[in-house]
Structure formats: structure tokens, C-alpha cells
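The values are calculated or read from the model by the stated rules, or taken from the named source; none is laboratory data. Owing to the predicted nature of the structure, the values given are computational and were not obtained by experimental measurement. Because the Cβ atoms are built from the backbone with ideal geometry, glycine has one as well, and the counts that use them run over all protein chains shown. For accessibility, only protein heavy atoms count, side chains too; no ligands or nucleic acids. Shrake-Rupley method; radii C 1.70, N 1.55, O 1.52, S 1.80 Å.
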Amino acid sequence: MVEERIQRRLVAILAADVAGYSRLMGADEEGTHSTLIAHRTEAIDPKIREYGGRIANTAGDSVLAEFSSVVEALRCAIDIQRGISERNAGIPEERCIEFRIGLNLGDVIEQNGDLLGEGVNVAARLEGLADPGGICLSRAARDQVRDRMEIALEDLGEIEVKNITRPVRVFRVAAQGKKSANVTNTAK
């Protein structure tokens, strides 16, 4: 039997999910589901395609996408968050669907179109660290965008995350209009 060689590649990984999804589903299952589907089909999936990304996996309230460029992945993430914020205008806060997004540059294995490996796991852990409506990046992702985009990032330092052997250096995209002490171009 000939063993098939595993195919690996370096990609920008965007992991997104809904903050407070279980609470939202508990309060209004059908309404939450309908709104989530509308957000995906009208705001998220088209943005991922627009910025040259590919959706690798979805499950419930989460989306995993790959990009060949970290800059394009971050531009996409910012546009998604801006668009969802606009879509939430006028909706009571307790019913708003907000996404958390994590971005990583990492080595992945592709299996049947899905992405696997530590690069994906780090992106998922970063997403979990992001505030609702926010974006967190790994140091590897930050290093690719820091001199290419005018954006303020807050250095959150080295953070131990579940099931990742080494701490991850995390950067949070600063809220618009908010100045950060550690702006991207000056962060170490």
C-alpha cells in the first residue's frame, strides 16, 4: 500500500463565531437562526469571496476561511465587523448577533477541502479571545500587516491558550476612534 503524502501549505486563517450564540438561541431559536443565515448569505460569505478567500468549513455559528494574503484577510474581517455592526443598528442589544474573529498565519493540512492543524487551532483560540464585534491577530499575522495597513493594534502580550503548547502573542484591533498605547508600527 502506497502512503499518500500529506499536503501542507501556509495560509491566512480567519476563524469567526457568534458571541453569546447559546444565549441568543435560548431566547429566540428561529429568529436567531434566520438572522444568522441572513448575515452569512448577505454580509459574510460575499465579503470572504470579495477579498479572495475561500470558506473551508462552517459549523453552527462558526466560519473558517482561508486567504492567500493576511492583509486581505484582515481587510475582510474589518469589513465584516463593520457590516454586521451596521446591520445591527436599531436592533435591541440583547438580540444583536455579533461575531468574534481570530486571524492567524499558519501552516495547515487540507483534507477534503477542510483545513486542519495547529494554525487553525491558534486562529480558533484567537477568535475566543476577541471581544464581540472584535478581531484578534497572532504575532505572525500582525507581522504581515503592520507596515501595510493604517490600523491601531493593542498588544495583549503572550497568552496561554487551551491545547497550544506555547503561549501565543496576541494583538487586538483597536476600536475605531480609539488610540492604542501599542500601535502596530511601534509594537515589538
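Go through segment 46-59 and count every residue that is open to solvent by 30 Å² or more (accessible area, probe 1.4 Å) and either within 15 Å of Ile84 (Cα to Cα) or in contact with a helix residue (DSSP H, G or I) (Cβ under 7 Å, 6 or more places away or on another chain) (or both). Walk me through how you get there before you give the answer.
The first filter runs over segment 46-59 and keeps only residues open to solvent by 30 Å² or more (accessible area, probe 1.4 Å), leaving 46-47, 49-52, 54-55, 57-59.
With the extra rule that they be either within 15 Å of Ile84 (Cα to Cα) or in contact with a helix residue (DSSP H, G or I) (Cβ under 7 Å, 6 or more places away or on another chain) (or both), the set shrinks to 46-47, 51-52, 55.
Looking only at that region, the number is 5.
Inspect all residues belonging to segment 9-28 and state whether any of them is over 22 Å from Asp131 (Cβ atoms), touching an Asp or Glu at 6+ places or on another chain (Cβ under 9 Å) and surrounded by fewer than 20 Cβ atoms within 10 Å (Cβ to Cβ). Before the answer, list the steps.
Of the residues in segment 9-28, the ones over 22 Å from Asp131 (Cβ atoms) are 9-11, 28.
Add one more test, that the residue is touching an Asp or Glu at 6+ places or on another chain (Cβ under 9 Å), and what stays is 9-11.
With surrounded by fewer than 20 Cβ atoms within 10 Å (Cβ to Cβ) added as a condition, the list becomes 9-10.
Checked against the condition, which is being over 22 Å from Asp131 (Cβ atoms), touching an Asp or Glu at 6+ places or on another chain (Cβ under 9 Å) and surrounded by fewer than 20 Cβ atoms within 10 Å (Cβ to Cβ), segment 9-28 yields at least one hit.
So which of Arg82, Arg87, Arg100, Arg23 is in a helix (DSSP H, G or I), of a type outside the set (Phe, Trp, Tyr) and within 18 Å of the chain's Cα centre (by Cα)?
Values: Arg87 fails: within 18 Å of the chain's Cα centre (by Cα); Arg100 fails: in a helix (DSSP H, G or I); Arg23 fails: within 18 Å of the chain's Cα centre (by Cα).
Exactly one of Arg82, Arg87, Arg100, Arg23 is in a helix (DSSP H, G or I), of a type outside the set (Phe, Trp, Tyr) and within 18 Å of the chain's Cα centre (by Cα), namely Arg82.
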### Query
Which ones in segment 107-143 are buried (at least 20 other Cβ atoms within 10 Å of the Cβ), more than 15 Å from Gly53 (Cβ to Cβ) and touching a Leu at 6+ places or on another chain (Cβ under 7 Å)?
Leu126, Cys136, Leu137, Ser138, Arg142
